[in-house]
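*Asks:* Following this message is one structure expressed as structure tokens.
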Amino acid sequence: MTSYWVRVALDVPLEAVFDYRVPEGMPVCRGQRVIVPFGGKQEIIGVIVNVLTQTDIPPEKQKDVINVLDDLPPFSEQWLQFCEFAAQYYMRPIGEVILPVLPPPLRKITAYTGKTKTSPVERLDKKLANQVIRAEKEQKKRLKQQQSSGSETTIEASIKPLQAILLALNDEQQQAVDVISQAKKFTPILLHGVTGSGKTEVYLQAIAHVLAEGKQAIFLVPEINLTPQFERLLIERFVPLYGERAIAIMHSSLSDGERLSSWLHMQRQEVKVILGTRMSIFAPLENLGLIIVDEEHDASYKQQDGLRYSARDLAVWRAHQLNIPIVLGSATPSLETWHHTLSGKYQKLSLTQRAKETPLPCIKLVNTKKMRLNQGLSADLISAIDERLQRGEQSMIYLNRRGFAPVLRCSSCGWTSECMRCSVHTVLHQVPGQVPILQCHHCGYSTQVPTHCPECGNVDLSALGYGTQRLEDTLMRLFPEARVKRIDADSTRLKGSAQELFQQVHSGDVDIIVGTQMLSKGHDFKRLSLVGVLNADMMLFSGDFRAPERLFAQLMQVAGRAGRHIRDSDVLLQTEYPDHHLYQALISHDYDSFANQTLMERKMAHLPPFAHQVLITAQAKDVEQALAFLQSIIQYAKQYLEERLKGVEIYDPVPLKIVRIAHIERAQLLIESVSRPALHRFMNVWLHHIYHELRTHKVKYFVEVDPLSI
Ligand code: ADP
Ligand code: ZN
């Protein structure tokens with residue numbers, strides 16, 4: 001009898017291999033989920049990544065696989081290879097990739113009942129099974145509502161053939177659909193379309209081609225809030241043709257039951273299109289023909305903890321692996337993507353006109369340098385809002401800062417409100433009907449608002465600056481007859497509330513919308529003809545080299561909400577620096593010149609995309625420890641890894657701008673190279689030594705490949 005072992009991917013923060021002995025007669029293969037013992041008495045779920053005929057684990061330390069879970073077919077080779085690539089690229093153990101993308105019930109031992117040691121576990125726990133049933137009922141109900149929601153096109157959709165609901169494409173759209181649907185091999189395509197140019201219709205028709213060939217598609221969107229709007233479109237198009245399982249959704253605010261239900265249908269390949277946020281790039285679909293990444297420049301595609309991956313970048317790799325086309329859509333592509341189109345690596349398709357008969361909105365700069373503002377609002381903006389109210393149109397005021405005021409200050413001694421746990425100010429939150437509080441936006445800590453200065457006893461405390469709550473307040477006082485709604489992380493905390501607010505805006509029950517970034521993306525508001533932008537200057541001079549790119553994209557996005565269906569729409573941007581080249585490019589809607597100039601600056605400064613970066617962040621009780629640790633690993637690299645360091649640069653460690661969050665202090669270290677292979681080769685060796693020889697329990701560290709903000 002040959003003995004077998006299996007190497008199992010586990011979601012534990014240890015960089016070790018986990019080999020288990022396979023009991024005689026237990027059939028095992030790569031890609032199966034197994035229950036294995038871990039630590040003392042724990043049992044956990046892992047995924048077999050290798051079947052072995054030998055192991056380095058000494059016999060006395062070997063443990064047996066407890067059981068193989070056969071409630072799902074094993075993961076496919078292509079899916080496993082994709083996860084393995086992600087692990088290797090982002091320099092993390094494979095278990096940290098595979099397990100977290102599974103719906104919790106498939107990786108939590110508590111979801112399984114039965115005597116795991118004796119009988120094969122086939123059934124999910126009853127409670128969970130019920131959750132799945134409930135999720136499926138909900139889905140059915142939504143489908144029904146969808147199909148009878150009074151919208152004529154949807155009723156027709158279910159009876160008329162597909163052609164009936166396809167919009168007649170303009171020439172640029174048609175060309176884009178043709179190119180995408182004729183691309184059979186790996187073809188990365190940038191769909192560069194101005195806001196409102198009808199990118200969605202291009203995606204939908206490209207998907208239709210792929211489905212007609214019997215293949216599947218992944219459709220990534222940056223935000224959970226955008227899924228319902230696209231889900232509706234996808235259902236309307238494809239459910240009549242491919243049945244009610246055709247569309248599945250994947251994002252983090254689904255219930256366990258919903259996530260599990262989606263996943264099961266995907267793994268059984270019943271799903272045609274998976275729509276969702278970044279995690280959807282891990283959808284276990286076997287027969288993909290197309291991947292779409294909408295708003296590809298969006299920072300939400302980057303995961304900020306655990307495996308710090310970019311779903312956009314992984315999407316390109318997955319398309320490459322599967323030899324299929326991938327469409328990256330944006331009005332303001334990331335400079336990485338733009339760079340690839342200039343170098344010919346990616347193909348560029350442009351939509352230069354708005355799809356409807358409406359021109360792009362007129363962007364005007366309001367110079368506020370010497371102006372007296374009314375609670376942050378210029379007279380020009382106030383009268384523009386008034387005009388819209390007269391005409392029964394909507395206005396949107398964009399301010400990327402939530403809360404009432406960013407800091408509370410004592411006018412006598414200069415005391416300012418600070419978080420006890422972080423090196424930042426606490427933000428005043430104040431809405432009618434609620435007790436005002438001071439809240440930290442970094443750790444969530446909140447306190448009551450003091451009645452007098454804790455330093456000098458003065459009772460005259462003033463709220464400095466303004467956030468969305470104060471803006472809402474001001475607008476309600478300026479326009480008492482208007483219906484004002486605020487949409488930000490605070491007003492949408494409850495499940496479903498964002499959906500409800502957006503619905504109110506769509507149905508015309510709102511005159512003035514106040515909000516943060518949440519508003520800027522993808523929404524197609526029919527009656528919106530004015531966008532006001534406050535405080536954009538705040539980001540103009542930030543130290544981060546990507547700040548201008550991000551600001552330009554954000555402003556184009558918000559501006560793009562205006563006048564999608566109404567002529568004579570305006571965007572008023574208040575600034576003290578109207579001559580800045582970023583604003584100048586913005587008012588002429590000239591992404592190309594902004595991108596080209598910024599790329600040139602990056603090239604001169606040897607910054608991405610002309611260099612590749614890895615960031616190591618160290619956390620400790622005080623920043624000195626973190627810095628000392630980073631110094632020690634640099635020392636090690638210089639002493640022992642000199643050969644491999646060739647072509648790789650390590651910068652000096654520095655404390656983070658916000659050095660302390662929740663009592664933990666942080667410092668970071670940037671590693672850079674023009675050669676990605678050199679960088680990865682060096683990092684792999686170095687990280688191995690750091691983990692096994694230099695680690696201390698006082699300092700935690702994590703590694704980020706292609707960091708977005710440094
Ligand atoms: P984008 O995603 O490029 O910002 P959308 O896809 O939201 O733009 O399209 C903007 C609007 O134009 C939508 O209301 C859409 O229905 C409409 N539209 C798209 N293509 C066409 C077309 N070919 N003819 C008429 N209207 C169109
Ligand atoms: Zn805090």
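*Asks:* Go through the range 240-270 and give me each residue that's more than 23 Å from the chain's Cα centre (by Cα) and open to solvent by less than 10 Å² (accessible area, probe 1.4 Å).
*Replies:* Hit for the range 240-270 is Ala246, nothing else.
*Asks:* Could we say that His452 is within 10 Å of ligand 2 (Cβ to nearest atom), out of contact with any Cys (no Cβ under 7 Å at 6 or more places or on another chain) and open to solvent by 40 Å² or more (accessible area, probe 1.4 Å) here?
*Replies:* no
*Asks:* Being without any contact (Cβ under 8 Å) to a residue 40 or more places away in the chain and surrounded by fewer than 21 Cβ atoms within 10 Å (Cβ to Cβ) narrows it down to one of Asp590, Asp537, Asp544, so name that one.
*Replies:* Unique residue meeting the criteria: Asp590.
Matching residues to (1) over 25 Å from the mean Cα position of the chain (by Cα); (2) at pLDDT below 95:
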residue: Arg602; (1), (2): no, no
residue: His606; (1), (2): yes, yes
residue: Thr617; (1), (2): no, no
residue: Ile633; (1), (2): yes, no
residue: Glu649; (1), (2): yes, no
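*Asks:* Between Cys413, Cys419, which is in contact with a Cys (Cβ under 8 Å, 6 or more places away or on another chain) and within 16 Å of ligand 2 (Cβ to nearest atom)?
*Replies:* Answer to the selection: Cys419.
*Asks:* In the range 23-34, which residues are surrounded by fewer than 20 Cβ atoms within 10 Å (Cβ to Cβ), on the phi < 0 side of the Ramachandran plot and not charged (D, E, K, R)?
*Replies:* Hits for the range 23-34 are Pro23, Met26, Pro27, Val28, Cys29.
*Asks:* Which of the residues spanning the range 652-709 are among the charged types (D, E, K, R), away from ligand 2 (no atom under 16 Å from the Cβ) and in contact (Cβ under 8 Å) with a residue 60 or more places away in the chain?
*Replies:* Glu672, Arg676, Lys698, Lys700, Glu704, Asp706
*Asks:* So which of Gln216, Gln174, Gln163 is farther than 30 Å from Asp592 by Cβ and at pLDDT 95 or above?
*Replies:* Gln216 is the lone residue from the list that is farther than 30 Å from Asp592 by Cβ and at pLDDT 95 or above.
*Asks:* For the range 471-489, what are the residues that are of a type outside the set (A, V, I, L, M) and within 28 Å of the chain's Cα centre (by Cα)?
*Replies:* Correct list: Glu472, Lys485, Arg486, Asp488.
*Asks:* Select from the range 287-325 the residues that are under 23 Å from Arg546 (Cβ atoms) and in a strand (DSSP E or B) and list them in ascending order.
*Replies:* Of everything in the range 287-325, those that are under 23 Å from Arg546 (Cβ atoms) and in a strand (DSSP E or B) turn out to be Val293, Lys302, Ser310.
*Asks:* Can you name every one of the strands (runs of 3 or more DSSP E) wholly within the range 463-570 that holds 2 or more residues which are within 16 Å of ligand 1 (Cβ to nearest atom), within 25 Å of Gln353 (Cα to Cα) and not aromatic (Phe, Trp, Tyr)?
*Replies:* 528-533
*Asks:* Looking at the range 656-700, which of its residues are open to solvent by 50 Å² or more (accessible area, probe 1.4 Å) and under 11 Å from Thr617 (Cα atoms)?
*Replies:* Lys700
*Asks:* Further question on the same structure: Among the residues of the range 405-432, which ones are under 28 Å from the mean Cα position of the chain (by Cα) and either among the aliphatic types (A, V, I, L, M) or open to solvent by 20 Å² or more (accessible area, probe 1.4 Å) (or both)?
*Replies:* Answer for the range 405-432, where residues must be under 28 Å from the mean Cα position of the chain (by Cα) and either among the aliphatic types (A, V, I, L, M) or open to solvent by 20 Å² or more (accessible area, probe 1.4 Å) (or both): Ala405, Pro406, Arg421, Ser423, Val424, His425, Val427, Leu428.
The values are calculated or read from the model by the stated rules, or taken from the named source; none is laboratory data. Because the structure is predicted, anything quoted here is derived from the model rather than measured. Because the Cβ atoms are built from the backbone with ideal geometry, glycine has one as well, and the counts that use them run over all protein chains shown. Surface accessibility is based on the protein's heavy atoms, side chains included, excluding ligands, DNA and RNA. Shrake-Rupley method; radii C 1.70, N 1.55, O 1.52, S 1.80 Å.
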